[in-house]
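Here's the structure we're looking at; comments come further down.
The values are calculated or read from the model by the stated rules, or taken from the named source; none is laboratory data. Here the structure is a predicted model, which is why all the values come from computation and not from measurement. Virtual Cβ from ideal backbone geometry, glycine too; neighbours counted across all protein chains shown. We work out accessible area using only protein heavy atoms, side chains counted, and drop any ligands, DNA or RNA first. Shrake-Rupley method; radii C 1.70, N 1.55, O 1.52, S 1.80 Å.
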Number of protein chains: 2
Amino acid sequence: MNFHNLSQRASKAARLFRGNHALGLTTAEHVDQLNGLDVTQAASALSTMSQPKAVAMLARPELHHAAEIITAMPVDTVTRLLNTMANDRVADLLQEMQEGERARLFSRLDRTTALAIQQLMNYPPRTAGSIMTTEFVSVPDAWTVEQTLVHIRSVERSRETVYAIYVLGADGMLSNVVTLRRLLTGEPGSSILSVAQKEGMVFIDPLASQEVVARLIRKHNMLALPVVDDHGHMLGIVTVDDVIDTMIADTTEDAQKFGGMEALGKPYMKIGFPEMIRKRAGWLAALFVGEMLTASAMQHFEGELEKAVVLTLFIPLIMSSGGNSGSQATSLIIRALALGELKLSDWWRVLIRELPTGLMLGTILGAIGFMRLTLWQKAGFYDYGEHWLLVGFTVFAALVGIVTFGSICGSMLPFILQKLRLDPASASAPFVATLVDVTGLVIYFSVALLILSGTLL
Amino acid sequence: MNFHNLSQRASKAARLFRGNHALGLTTAEHVDQLNGLDVTQAASALSTMSQPKAVAMLARPELHHAAEIITAMPVDTVTRLLNTMANDRVADLLQEMQEGERARLFSRLDRTTALAIQQLMNYPPRTAGSIMTTEFVSVPDAWTVEQTLVHIRSVERSRETVYAIYVLGADGMLSNVVTLRRLLTGEPGSSILSVAQKEGMVFIDPLASQEVVARLIRKHNMLALPVVDDHGHMLGIVTVDDVIDTMIADTTEDAQKFGGMEALGKPYMKIGFPEMIRKRAGWLAALFVGEMLTASAMQHFEGELEKAVVLTLFIPLIMSSGGNSGSQATSLIIRALALGELKLSDWWRVLIRELPTGLMLGTILGAIGFMRLTLWQKAGFYDYGEHWLLVGFTVFAALVGIVTFGSICGSMLPFILQKLRLDPASASAPFVATLVDVTGLVIYFSVALLILSGTLL
């Protein structure tokens, strides 16, 4: 993503343009400023702001330490703010506070707000229910276009979005969706249903994971996805900007896990040294201990090593090839699973694709390796001994075996993890490499024994 | 991302619910059906559909072979469709056709449409200009709320979004933005400016990269981002759903590059065997050739190897640790750069963070390694010879050096690549590992010579 110069261009244009029209800072820019202050400063800054302004700030997930800031503000101000803020955001903020703090603020909220938030906080994290907001616009299907417009004007300020209007049947169940743009084009006097969407409705179960929510919103280009219970009653909506935030967070987590570490959960520069060590040392040590098996494997083949030191020369080369092919396969499968291109049940389809792929890739590398060895021998760069040809065959055969094994391991591991209800993204490149290294050594030496016994071994 | 069972729940609810309200299929579902047919079948299917329906289908990037399908349809039908479709989509479709086909269709488009599309096709790919649409709503700042509403009703069908209305000054320059929701709440008679956004305006240069666009839309929770030239004249808008599509595509590319291969550009199951081999073999072979240096390095230290076979036992363990720490660091930095958390100029900040981190992590692994060796020796699992203690020190020192080196390499490589205008995501785990492996061996044997010369060596 090489956009350094372009982004400069853009911001240049922005400055130039702002120059022409002096129009204050955006909320996002204000948030950046607040992030520059410490908690108490930020708290007093927010307390002095106009209520709508303060609400806009606190609404942004980009605002650091929002929970602490709120705790540091005069309780009356906070209560007023929380009562006007979007319920889903308030729920998130309360969840970040200690029990006592949370209870204290909770008791001072409006009853209706408190109930809605209570309900949101009951959903497990990372589900549709936990990221939805209960502040949507719904109208009975008996209403006219005009009635609906009047209603929207009155509630506009208190709703996260009014661009999708949800029409409820007499039974109170979600029956239709009307987009604001279509509503505008409707005849004031005619029924709301006259401008309802003709296509089938899309909605989600409150316990569906946020990944599924993101995929639906993406697939149907929606601005908001309604969340309904099993009886078809509306519980809330998830808006597209909430989804983008969760998408980014998930992708970052996956990328870091794939790099072989715990997800940081904070920007690189924001995280403290001890935490950084903790998040990285854990996996690194685990992998190290796993990799120790290579030492044991080598000890097991010590005899062969002493007889044929020439074999040791190719150990790093052969092992790394297995790790690399494994890392390719695992990155492909993790991503395909995350995007829903592959289902758990597709594992065998992948297997029968990776087997020939691995064999082919292994043969290619093996050929290169064999040629290199032959070249060095013939050109006299290095003498691999009288049995150099056999050594060459050993290297070739080992590479075919190890690269194939790497591709299989790398592609199957994510499926296994998902089957075990673990995150497939934990099948990190280093994890796969370690797995393949140990087996790779065993394969290498077994092949060597097979080909070289009687001559070198 | 363990959502398998949840997504099942969701779709169960969906079926159940759709049962209650029989409301046909969604566009996305129709698209899935079309993807099941071959090009000619799909073409005839589309030709028989109502125009709005057909337009909705062709508008979806998820529709496979859209360009070929269009080419296979009766030219009059196609012309009608292209004239009504969103310009940015038409531009994309035309770009996928062969020269002749493109020219033929292009000549039959309305003059205005043709001009707009021509302009879009002139922007370099992956820039704001290339993904924007020219179909937005703009009104003069002299208009009233009522006038604007009337205008929107008349153009609603022909615009990609009407939720953001762009107000142009007398000079035709973008001066304000009005959201449809605020517009509704305005006094019909009063000026459009009475409901304009109070905060500063956000917009972008047409040559800014799509990553920058995505970041701005995310940062400011926008539904659409205006694209303006250096004089502040509006060229088009990028809508949030276009951005989501590009975000997903970029992330997949990065993930695959990070796995050490070329980006597939297609779903895993859609790509053919030869293409799969090509995309994977290239990098794999390159890494293999790079890794050959390890063999050369080992050859260089052959003497030491023969004298102290015990040293070879720890080669895989020590090398892999360098690769793992490198992979952690590079995954952190690539992601931080992609999210704009880090700028190119931050490289030294990262360096002074990674140096102590690497030393710390190296010390931890070194300690574990040393303990393991001591344990095996004392417990009599294996005899590392009379100088086992010195061997232990060698392993410890080598690990500290190599893990530190790995963290530095892994964290700096993405910066170097970006500086060279290459994609930082190419600093893949395997790439870094290979880089570290060779140097790792040299570090290991140098440390060994330092500590063991006179005893083992």
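In segment A:335-355, of all residues being open to solvent by less than 50 Å² (accessible area, probe 1.4 Å), modelled with pLDDT of 90 or more and more than 7 Å from chain B (Cβ to nearest Cβ), the one that is farthest from B:Ile277 (Cα to Cα) corresponds to A:Asp346. Within segment B:154-179, the set of residues being farther than 24 Å from B:Asp242 by Cα and part of a helix (DSSP H, G or I) comprises B:Ser154 only.
Segment A:90-150 holds helices (runs of 4 or more DSSP H) entirely within its bounds, and those carrying 1 or more residues that are in the same structural domain as A:Glu68 (by TED's automatic domain parsing), modelled with pLDDT under 85 and closer than 28 Å to B:Arg182 by Cα map to A:111-122. Under the condition of being in contact with a helix residue (DSSP H, G or I) (Cβ under 9 Å, 6 or more places away or on another chain) and open to solvent by 50 Å² or more (accessible area, probe 1.4 Å), the residues counted in segment B:372-389 number 4.
Residues are listed down the side, and each one gets a yes or a no for (1) in contact with a Pro (Cβ under 7 Å, 6 or more places away or on another chain); (2) of a type in the set (D, E, K, R); (3) in a helix (DSSP H, G or I):
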| position | (1), (2), (3) |
| --- | --- |
| A:Ser331 | no, no, yes |
| A:Glu341 | yes, yes, no |
| A:Asp346 | no, yes, yes |
| A:Arg353 | no, yes, yes |
| A:Leu359 | no, no, yes |
| A:Ile364 | no, no, yes |
| A:Ala367 | no, no, yes |
| A:Leu375 | no, no, yes |
| A:Lys378 | no, yes, yes |
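Looking across A:Leu82, A:Leu109, one residue alone is closer than 28 Å to A:His151 by Cβ, touching a helix residue (DSSP H, G or I) at 6+ places or on another chain (Cβ under 7 Å) and open to solvent by 10 Å² or more (accessible area, probe 1.4 Å). It is A:Leu109.
Criterion applied to B:Ala398, B:Ala429 was being open to solvent by less than 20 Å² (accessible area, probe 1.4 Å), in contact with a Pro (Cβ under 8 Å, 6 or more places away or on another chain) and of a type in the set (Gly, Ala, Ser), and the one residue passing it is B:Ala429. Taken together, A:Gly260, A:Gly282 contain a single residue that is closer than 21 Å to A:Ser426 by Cα and not in a helix (DSSP H, G or I), which is A:Gly260. Name the residues in segment A:248-267 that are more than 7 Å from chain B (Cβ to nearest Cβ) and surrounded by 22 or more Cβ atoms within 10 Å (Cβ to Cβ), would you? Hit for segment A:248-267 is A:Asp254, nothing else. Annotation: A:Leu456 fulfils all but one of (1) in contact with a Gly (Cβ under 8 Å, 6 or more places away or on another chain); (2) assigned to a helix (DSSP H, G or I); the unmet one is (2). When we screen A:Ala255, A:Ala281 for residues that are out of contact with any Cys (no Cβ under 6 Å at 6 or more places or on another chain), more than 30 Å from A:Ser453 (Cβ to Cβ) and not assigned by TED's automatic domain parsing to the domain that holds A:Ser446, the only hit is A:Ala255. Looking across A:Leu365, A:Leu305, A:Leu311, one residue alone is modelled with pLDDT of 90 or more, in the same structural domain as A:Ile443 (by TED's automatic domain parsing) and within 30 Å of B:Val442 (Cα to Cα). It is A:Leu365. Of all residue pairs spaced 6 or more apart or on separate chains, those with beta-carbon atoms under 7 Å, a first member in segment A:31-45 that is assigned by TED's automatic domain parsing to the domain that holds A:Pro61 and a second member that is β-branched (Val, Ile, Thr) are A:Val39/A:Ile69; A:Ala42/A:Ile69; A:Ala43/A:Ile69.
Sub-7 Å Cβ pairs linking a first residue in segment B:114-127 that is under 22 Å from B:Thr79 (Cβ atoms) to a second residue that is outside any strand (DSSP E or B) and open to solvent by 40 Å² or more (accessible area, probe 1.4 Å), at least 6 apart or interchain, are B:Ala114/B:Phe106; B:Met121/B:Gln95, ordered by first then second residue. A:Val177 falls short on exactly one of the conditions (1) open to solvent by 20 Å² or more (accessible area, probe 1.4 Å); (2) free of Cβ contacts under 8 Å to residues at least 60 places away in the same chain; (3) not small (Gly, Ala, Ser), and that condition is (1).
B:Val228 meets the conditions (1) open to solvent by less than 10 Å² (accessible area, probe 1.4 Å); (2) closer than 15 Å to B:Val137 by Cα; (3) more than 8 Å from every other protein chain (Cβ to nearest Cβ) in every case but one. The failed one is (3). Which one is surrounded by the most Cβ atoms within 10 Å (Cβ to Cβ) among residues in segment A:282-314 that are among the polar types (S, T, N, Q) and without any contact (Cβ under 8 Å) to a residue 60 or more places away in the chain? Ranking the candidates gives A:Thr312 first.
For segment B:411-455, a residue qualifies if it is more than 8 Å from chain A (Cβ to nearest Cβ) and charged (D, E, K, R), and exactly one does: B:Lys419.
Being assigned to a helix (DSSP H, G or I) and within 24 Å of A:Tyr382 (Cβ to Cβ) is the filter; apply it to segment A:285-302 and report the residue that is farthest from the chain's Cα centre (by Cα). Result: A:Glu302. Condition test on B:Val145, is it among the aliphatic types (A, V, I, L, M), more than 16 Å from B:Ala224 (Cα to Cα) and buried (at least 20 other Cβ atoms within 10 Å of the Cβ)? Criteria met by B:Val145. The residue that is nearest to A:Val243 (Cα to Cα), counting only those in segment A:180-194 that are within 37 Å of the chain's Cα centre (by Cα) and open to solvent by 10 Å² or more (accessible area, probe 1.4 Å), is A:Arg181. If A:Leu225 passes every condition in (1) more than 30 Å from B:Ala249 (Cα to Cα); (2) outside the structural domain of A:Asp88 (by TED's automatic domain parsing) but one, which one does it miss? Evaluating A:Leu225 over (1) more than 30 Å from B:Ala249 (Cα to Cα); (2) outside the structural domain of A:Asp88 (by TED's automatic domain parsing) leaves (1) as the failure. Which members of segment B:173-194 meet the condition of being touching a Gly at 6+ places or on another chain (Cβ under 9 Å) and farther than 27 Å from A:Met222 by Cβ? Residues satisfying the conditions are B:Met173, B:Leu174, B:Ser175, B:Asn176, B:Ile192, B:Ser194. Scanning segment B:318-334 for residues that are open to solvent by less than 10 Å² (accessible area, probe 1.4 Å) and in contact with a Phe, Trp or Tyr (Cβ under 9 Å, 6 or more places away or on another chain) yields a total of 11.
Selection within segment A:154-171: residues that are more than 11 Å from every other protein chain (Cβ to nearest Cβ) and open to solvent by 30 Å² or more (accessible area, probe 1.4 Å). The member of this set that is nearest to A:Leu223 (Cα to Cα) is A:Ser158.
Quick check: is even one residue across segment B:225-237 touching a residue at least 40 places away in the same chain (Cβ under 8 Å), under 30 Å from A:Leu332 (Cβ atoms) and outside any loop (DSSP other than H, G, I, E, B)? No, segment B:225-237 contains no residue that is touching a residue at least 40 places away in the same chain (Cβ under 8 Å), under 30 Å from A:Leu332 (Cβ atoms) and outside any loop (DSSP other than H, G, I, E, B).
Only a single item in (1) assigned to a helix (DSSP H, G or I); (2) more than 7 Å from chain A (Cβ to nearest Cβ); (3) surrounded by fewer than 24 Cβ atoms within 10 Å (Cβ to Cβ) is not met by B:Ile244, and it is number (2).
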